[in-house]
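Have a look at the structure below before the remarks.
Values in this text are rule-based calculations from the coordinates and carry no lab data. This structure is a prediction, so every number in the text was calculated from the model and none was measured. Here the Cβ positions follow ideal geometry from the backbone for every residue, glycine too, while neighbour counts run over all protein chains shown.
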Amino acid sequence: MRASVIATDFVASIKTWSRSKGTLFWTLAFPIMLILIFGAIFSGIGETEYTLYIQDLDDSEMSRSFIESLNGTGAIKTKIVTSSENITLYIDENSIDRLVVIPKGYEESINKSFIDQNTSVNLSFYLNPGEQTSNQIVISIVSSVIQSFNMEITGGRNVIGIDQISTIPEEFTFFDFFLPGMIGFTIMQTCVYGSIERNTKFRKDGILRKLLTTPITRTEWILSKMLFMLFLSFVSTSLIIAVGVIVYGISVHITPLMIIIIIATSFLFSGLGMLIGRFVKDEETADTAGGAITFPMMFLAGTFFQLEMMPEFLQAFARVLPLYYVNEGLRNAMTYMNQSEAILNTIAVVIFAGVFFIAGVLLTKWKED
Amino acid sequence: MMEKKFKCPDCGKVASYSGMPGEIKTVYCPYCGSKGRARLPELKHIEDLAIEVSGLRKIYGDLVAVNDISFSVKKGEIFAFLGPNGAGKTTTVEIIESIRQPTAGTIKLSGKDIKTHFNDIKKNIGVLPQEFHSFERLTVRETLVYFSKLYKKRADINKIIESMDLKSCEKRLYKNLSGGLRQRVGVAIALVNDPDIVFLDEPTTGLDPKARRDVWNVIAGLRDNGKTVFLTTHYMEEAEYLADHIAIIHKGKIIAEGSLNELIERYGHGSLLRIKRCKTDGAVKTLREKGFDASSEGNGDIAVKIDYKDRVLDVLSNLRHECIEYESIDIRRSNLEEIFLQLTGAKLTGEEIA
């Protein structure tokens with residue numbers, strides 16, 4: 001095996017890829033577009049009115065006036081939580097994203113502040129950290145209402161403040177769920193269609209026949225293509241993570257298991273692409289066959305939606321799909337940090353990868369009949 | 001000693017003579033007594049052979065694609081494998097290139113069996129597969145560099161670009177090239193390892209006449225540089241223009257083989273003299289009465305078969321003597337299309353003649 005030959009083919013693949021606007025779009029821009037679209041749908045970017053739960057423990061004229069002012073902004077709709085509720089329990093049971101507690105003694109503290117300038121009162125603001133975008137908007141609205149109260153009461157001195165409390169830290173947001181799924185889906189698409197192209201278009205164009213008559217070996221060719229597939233997988237994974245972190249502020253852990261899953265997934269779906277290209281030789285039909293396999297798998301394997309949302313029989317079916325283990329493995333390895341589950345998922349992905357890749361390599365022929 | 005058949009240019013009858021390979025002999029026609037000189041062909045020495053194919057068969061189910069063919073190609077010649085689509089040309093060449101497995105037969109390239117030495121052989125052959133399209137988004141130079149780097153022995157890319165007249169398009173992406181340029185790049189790719197034998201499978205299919213002529217010039221240049229060229233084609237003009245040696249394949253079998261002159265001599269009907277727009281009634285009958293093989297082609301055109309060159313003068317003197325008026329005349333020699341038609345009853349395009 002010659003490293004120079006592998007490097008030559010790898011570099012040529014990158015050049016070819018980087019010059020194709022269509023390929024760049026589907027590999028890089030499309031996953032980002034999906035993230036942003038799903039982000040807009042699920043994080044409430046399009047909301048014009050935000051619900052804010054309020055527990056008014058003071059139940060005074062001033063606290064009611066504050067609540068009225070919040071409603072008066074037109075951007076916030078308050079919902080009152082009775083003072084008898086245990087707030088932590090209430091948030092947990094009702095999946096509340098934003099809740100403000102006006103403490104008992106609110107009005108008294110404000111009145112006292114006219115005499116004692118050091119007196120202040122803080123509202124407790126419970127926030128679901130997963131709803132960063134909409135929370136930022138609500139915080140800024142609440143802050144501006146507080147500021148105007150402070151101005152009115154003291155001429156600018158901060159009597160009323162906010163204590164931010166992050167709610168349910170171990171509960172994850174849709175993005176924590178969605179982002180690893182997006183990574184798995186993108187690697188699947190890239191590798192399946194990349195392999196199909198090599199096995200149908202290159203065959204039709206005579207490139208495989210040509211290579212057969214040159215000194216490059218099949219092993220060198222497959223290795224260089226797998227290097228290229230890994231390159232694409234890591235580039236798209238990095239981009240997806242970057243968008244997730246920058247735009248949605250999610251927290252991702254880069255772990256060895258995550259790297260292993262990405263590598264194994266690249267081999268797995270390259271093998272699947274080889275098998276499709278082996279049995280469906282026409283380029284267009286092979287693309288359609290690729291779509292017919294990957295598209296339902298994308299939905300059924302819990303890429304965008306929790307498996308629990310689906311009927312029982314579909315859940316059982318999902319558990320035989322390789323993408324399910326990729327998605328779950330990535331979630332456990334990079335988000336939930338559930339390493340024992342991640343190891344089991346990784347083992348499943350590696351087994352799938354071994355079976356598909358070996359079958360793909362063995363059944364794919366360069367030679368014509 | 002070897003024996004060779006010849007067709008007497010005077011009486012048109014086939015006879016034979018014998019002698020040593022390469023010997024020039026005085027030959028007498030046993031039928032009309034005409035005398036002439038002829039040279040016996042050189043014997044193909046094993047060391048002079050670039051390609052040796054023996055007993056090659058390829059069977060797909062019930063279909064015999066290649067039916068027990070044997071031939072050899074001398075070093076430094078352009079060998080044209082001519083036949084209609086589906087005759088078995090590409091199957092044969094792809095077996096020689098080790099892209100397909102033969103059902104039976106042996107193949108040697110430069111004296112080495114491809115079954116056991118193909119990894120060695122690969123280094124010294126260059127191949128342009130049928131309907132080859134290279135990587136669309138690499139430039140011409142990048143494409144040549146890519147294929148060149150697959151070999152240890154490399155030709156100078158600059159020289160290839162220059163000799164193939166690709167300088168002006170070396171920075172253009174392959175996908176933006178015209179059909180003719182793509183084929184020239186394909187031939188150039190086949191040369192990146194400075195091969196001894198170059199296989200070109202239908203290199204001009206689908207090209208316009210100008211682009212085809214350009215590719216022909218490139219192929220002729222390969223022979224001038226000492227390469228052996230194995231060319232498969234279904235264009236008889238291509239084989240006539242380029243080939244030193246032609247093998248005609250039909251339905252998986254080689255039905256004729258030799259140089260163009262040998263094939264015409266052996267299977268052709270000499271030349272055809274065509275009298276255009278004859279204005280005299282009964283001219284065909286008159287010519288036939290004078291012993292000429294004349295026939296009407298419509299629109300007043302008359303075709304007269306000419307067995308040997310002196311017959312042209314006979315026809316012309318008879319036209320004058322019989323006061324036969326016409327617009328013009330032309331003379332055309334038998335071509336491969338006619339030879340193929342005569343041998344198979346079909347046109348090279350694959351069309352059967354009723």
* With the Cα gyration tensor of chain A in hand, give its eigenvalues times 5 under a square root as the equivalent ellipsoid semi-axes, listed largest first in whole angstrom. => 56, 20, 16
* Considering amide H positions built from the backbone, and no H for Pro or chain starts, which residues 5 or more places from residue A:162, or on another chain, come under 5 Å of its amide H? -> A:123
* Structure fact -> Out of B:102, B:209, B:84, a Gaussian network model of chain B with alpha-carbon springs under 10 Å gives the largest mean-square fluctuation to B:209
* Asked: If you add up the charges near residue B:12, with Lys and Arg at +1 and Asp and Glu at -1, over every other residue whose beta carbon is less than 11 angstrom from its beta carbon, what do you get?
  -> 0
* Asked: Given DSSP loops and a limit of at most 16 other Cβ atoms within 10 Å, what is the longest stretch of chain B that contains no such GluC sites (Glu not before Pro)?
  -> B:137-321
* To do: Taking amide H positions as placed in the peptide plane 1.01 Å from N, state which residues far from residue B:13 in sequence (5 or more) or on other chains have amide H under 5 Å from it.
  => B:8
* Rounded Å value of the spacing that divides the Cα centres of the stretch B:135-200 and the stretch A:292-369 -> 43
* **Listed residue (B:150, B:109, B:163) projecting farthest to the positive dipole end of the stretch B:47-265, Cβ model** => B:150
* Among beta bridges that DSSP assigns inside chain A, antiparallel share in %, nearest 5 -> 20
* Going toward the positive end of the dipole of chain A, with +1 on Lys and Arg Cβ and -1 on Asp and Glu Cβ, which of A:118, A:20, A:244 do you reach last? -> A:20
* Cα-Cα over 22 Å: which of B:112/B:253; B:58/B:149; A:210/B:108; B:75/B:149; B:253/B:305? -> B:112/B:253; B:58/B:149; B:75/B:149; B:253/B:305
* Fluctuation leader among A:307, A:99, A:212 - chain A, Gaussian network, Cα springs under 10 angstrom -> A:212
* If we count every other residue with Cβ under 15 angstrom of residue B:117's Cβ, Lys/Arg +1 and Asp/Glu -1, where does the sum land? -> 0
* To the nearest Å, what is the center-to-center distance of the stretch B:208-232 and the stretch A:189-214, using C-alpha atoms only? -> 28
* Please give, to one decimal in nm, the separation of the simple spin-label points placed at residue B:323 and residue A:147, each 7 Å out from Cα toward the Cβ. => 12.1
* Partner chain coverage, peptide A:211-219 - average Cβ within 10 angstrom -> 6
* Asked: For chain A, list the DSSP H helices whose alpha carbon atoms reach 30 Å or more along the long axis and whose average Kyte-Doolittle value is 0.0 or above?
  -> A:132-154, A:174-196, A:218-248, A:256-279, A:339-363
* Among residues other than residue B:283 whose Cβ falls under 10 Å from its Cβ, what is the net charge (Lys/Arg +1, Asp/Glu -1)? -> 0
* **chain B - Cys residues lacking any other Cys C-beta under 4.7 Å** => B:169, B:278, B:323
* Work out from phi, with θ = phi - 60° and the Karplus expression 6.51 cos²θ - 1.76 cosθ + 1.60, the ³J(HN,Hα) of each residue of the stretch A:310-317, listed in order in whole Hz, and give x for Gly and Pro. => 9, x, 3, 5, 6, 5, 5, 5
* **residue B:101 paired with residue A:314, simple spin-label distance in nm, labels 7 Å along Cα-to-beta-carbon** => 4.6
* Structure fact -> Listed by chain and number, the aspartates and glutamates with an alpha carbon less than 16 angstrom from that of residue B:152, same-chain partners under 8 positions apart left out, are A:9, A:220, B:120, B:194, B:196
* Looking at the protein assembly as shown, what % of its DSSP beta bridges pair antiparallel, to the nearest 5? -> 60
* Using R₀ = 30 Å, calculate the FRET efficiency as 1/(1 + (r/R₀)^6) where r is the Cβ-Cβ separation of residue B:224 and residue B:259; round to 0.05. => 0.95
* Considering the options A:106, A:194, A:36, tell which one lies farthest towards the positive end of the dipole of chain A, charges being +1 on Lys and Arg and -1 on Asp and Glu at the Cβ, about the Cα centre. => A:194
* For residue A:235 and residue A:285, compute 0.36 nm times the residue count separating them, minus their Cα-Cα distance, and round to one decimal in nm. => 15.2 nm
* Structure fact -> Cross-link reach from residue B:167 to aspartates and glutamates, straight Cα distance under 14 Å and at least 8 residues apart if same chain, gives B:142, B:156
* log10 of Debye I(q)/I(0), alpha-carbon scatterers only, for the protein assembly as shown at 0.07 Å⁻¹ -> -0.70
* Structure fact -> Taking placed amide H atoms and a strict 5 Å upper bound, the residues 5 or more places from residue B:333 or on another chain that come that close are B:272
* Structure fact -> Magnitude of the Cβ-charge dipole (Lys and Arg +1, Asp and Glu -1) of the protein assembly as shown about the Cα centre, nearest 20 debye, reported as 4360
* Structure fact -> Under a Gaussian network model of chain B whose springs join Cα atoms within less than 10 Å, the largest fluctuation of B:217, B:335, B:193 belongs to B:217
